[in-house]
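To keep things clear, I will list the structure first and then write my remarks on it.
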Amino acid sequence: SVFISDLSKAMSQAGSSQFQEVIRQELEYSMKIELDKILETAPSNGLEHTKKDLEGFKKLFHRFLQEKGPSVDWGKIQRPPEDSIQPYEKIKARGLPDNIASVLNKLVVVKLNGGLGTSMGCKGPKSLIGVRNENTFLDLTVQQIEHLNKSYNTDVPLVLMNSFNTDDDTKKILQKYSHSRVKIYTFNQSRYPRINKETLLPIAKDVSYSGENTECWYPPGHGDIYASFYNSGLLDNLIAEGKEYIFVSNIDNLGATVDLYILNHLMNPPNGKRCEFVMEVTNKTRADVKGGTLTQYENKLRLVEIAQVPKAHVDEFKSVSKFKIFNTNNLWIALSAIKRLQEKNAIDMEIIVNPKTLDGGLNVIQLETAVGAAIKSFENSLGINVPRSRFLPVKTTSDLLLVMSNLYTLNAGSLTMSEKREFPTVPLVKLGSSFTKVQDFLRRFESIPDMLELDHLTVSGDVTFGKNVALKGTVIIIANHGDRIDIPAGALLENKIVSGNLRILDH
């Protein structure tokens, strides 16, 4: 292993392509030997599955060794042609046909459900975190689709793409929906081995992923959906049932509901030529500078992520004026196209190298791909610039505060901005580290404040909120180290800065 890292240093100095090729072959050969050893430890009932996973990983590793540096040539990036990103208003203006039910019956809703709630201090799948009146992300999703099926007398199924981290817990909870009017299917993402950053070899020694081996494996990003969906057999089954499109989104994006206008545009295109891939994009705000953007590249629509941008151009990429939109990861994709491209091995997604440091201090890398990056492999792709309300992700407890508040009303599993709010923008909320974990966050609010007229909230330090507090305008609350601020029940804070020590005792 030391030999390899010395060689790789020598390689970068020598820079000779022949020499680099020899090294690449060495690395690939070493990787193959390690993967074969891991495969030997697979139980017979899991052998085929493990084999498929490791084959997929080997392909990704091969590409990783071939491609170096940012994968876009900045000079080739152009603005997308006018008609390649359509305004949502134009799509909506076409209205809906009478037979919308028959159109809906061609749809499958797919939610990306591979993530854990760790960033919010929760164990288990993120989709099982309570978001609103005890309802979890998964509850809201099921309610939305059930409402659709009842309203239009249709049979839109829900498919969950789980990871080995979320599969068991999700399947247990699915029993509670057995009587709901939604067929629910699941399939699993691949399970790939993490790679030691120094040696470029897997850190796993066998196939097990429990106990001390949990850190050896990872799900390789949502770009894995195409291969996993296909390999699971579910793709073929749904095509056989007459399904034609999937609507894919992150399970934590509460704005990603089925949109009948977009679906109608796909099924009944105005020019008669169907799109195989639609990406919903929305206008960037200052908070979205890191989101991937749609560009024109070598005559194809292409998603460019910040990780692919050469360092010298990162500021330009982040500029809100040059790249006005970003990818919401709400995608509409033709099932037949996924099947065709998967069978030809023609889905091309850039590799995202995700460095991690494990608990013991070991530096590893994960090779991942992103579902939207495949847009350039599909025919007749389209971007649709949708209202911001279709992008309502809950990544942090600051986001959770917004969706739990009276800014939103809940109806049949869908959250919509309250009509009582005078302007449709979402307030900027920044909660400090005392609020990071869901249980701490919940402990600090006796009830969720009235936020209808809030523009900006910053809270830092040991702060608690009593019942029925109202926040308006810009509110900044800072408890310095060792201080504690208790906002009393019924308080109205409008354009206020509160700092120091504030404890109001009930008599």
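Residue count for region 59-113 satisfying the condition of being of a type in the set (D, E, K, R), closer than 24 Å to Ile225 by Cβ and at pLDDT below 90: 1.
Please indicate, with yes or no, whether at least one residue in region 39-60 is open to solvent by 50 Å² or more (accessible area, probe 1.4 Å), part of a helix (DSSP H, G or I) and touching a strand residue (DSSP E or B) at 6+ places or on another chain (Cβ under 8 Å).
no
Cβ-Cβ contacts under 7 Å between residues 6 or more apart (or on different chains), taken from a first residue in region 421-441 that is over 19 Å from Thr409 (Cβ atoms) and in contact (Cβ under 8 Å) with a residue 12 or more places away in the chain to a second residue that is open to solvent by less than 80 Å² (accessible area, probe 1.4 Å) and in a loop (DSSP other than H, G, I, E, B), are listed as Gly432/Gly461; Ser434/Gly461; Thr436/Gly121; Lys437/Gly121; Val438/Gly121; Val438/Cys122; Val438/Ile129; Gln439/Gly121. Within the option set Val156, Val207, Val182, being modelled with pLDDT under 95, among the hydrophobic types (A, V, I, L, M, F, W, C) and open to solvent by less than 30 Å² (accessible area, probe 1.4 Å) holds for one residue only, Val207. The set of residues from region 421-464 being assigned to a loop (DSSP other than H, G, I, E, B) and either touching a Lys or Arg at 6+ places or on another chain (Cβ under 9 Å) or at pLDDT 95 or above (or both) comprises Pro424, Thr425, Val426, Gly432, Thr436, Lys437, Glu446, Ser447, Ile448, Pro449, Gly461.
Of all residues in region 161-173, those satisfying the criterion of being open to solvent by less than 30 Å² (accessible area, probe 1.4 Å) and within 16 Å of Phe137 (Cα to Cα) are Met161, Asn162, Thr166, Asp167, Thr170. Any residue at all in region 332-353 that is farther than 30 Å from Thr214 by Cβ, in a loop (DSSP other than H, G, I, E, B) and among the basic types (Lys, Arg)? Yes, that holds for at least one residue. Of the residues contained in region 269-281, one or more are found to be in contact with a Cys (Cβ under 8 Å, 6 or more places away or on another chain) and more than 22 Å from Ala227 (Cα to Cα). Restricting attention to region 432-473, the residues that are within 30 Å of Lys123 (Cβ to Cβ), surrounded by fewer than 21 Cβ atoms within 10 Å (Cβ to Cβ) and not aromatic (Phe, Trp, Tyr) add up to 21.
All of (1) assigned to a helix (DSSP H, G or I); (2) open to solvent by 40 Å² or more (accessible area, probe 1.4 Å); (3) in contact with a strand residue (DSSP E or B) (Cβ under 8 Å, 6 or more places away or on another chain) hold for Phe317 with one exception: (2).
If I go through region 220-252 residue by residue, how many of them are without any contact (Cβ under 8 Å) to a residue 24 or more places away in the chain and either in contact with a strand residue (DSSP E or B) (Cβ under 6 Å, 6 or more places away or on another chain) or of a type in the set (S, T, N, Q) (or both)?
Qualifying residue count, region 220-252: 1.
Would you confirm, using the coordinates I've provided, whether Val142 is surrounded by 19 or more Cβ atoms within 10 Å (Cβ to Cβ), touching a Ser or Thr at 6+ places or on another chain (Cβ under 7 Å), of a type in the set (A, V, I, L, M) and in the same structural domain as Lys311 (by the TED database)? Yes.
Among the residues here, Val386 does not qualify as out of contact with any His (no Cβ under 7 Å at 6 or more places or on another chain), over 26 Å from Thr293 (Cα atoms) and open to solvent by less than 10 Å² (accessible area, probe 1.4 Å). In the condition set (1) at pLDDT 90 or above; (2) more than 23 Å from the chain's Cα centre (by Cα); (3) part of a helix (DSSP H, G or I), Arg274 is compliant with all but (3).
Here Asp399 meets each of (1) surrounded by fewer than 17 Cβ atoms within 10 Å (Cβ to Cβ); (2) acidic (Asp, Glu); (3) closer than 21 Å to Thr328 by Cβ with one exception, condition (1).
The values are calculated or read from the model by the stated rules, or taken from the named source; none is laboratory data. On a predicted model such as this, the values are computed, not experimentally measured, just so you know. For neighbour counting, all protein chains shown are included, and Cβ atoms are generated from backbone atoms with ideal geometry for every residue, glycine included. What goes into the accessible areas is simple: the full protein's heavy atoms, side chains included, and nothing from ligands, DNA or RNA. Shrake-Rupley method; radii C 1.70, N 1.55, O 1.52, S 1.80 Å.
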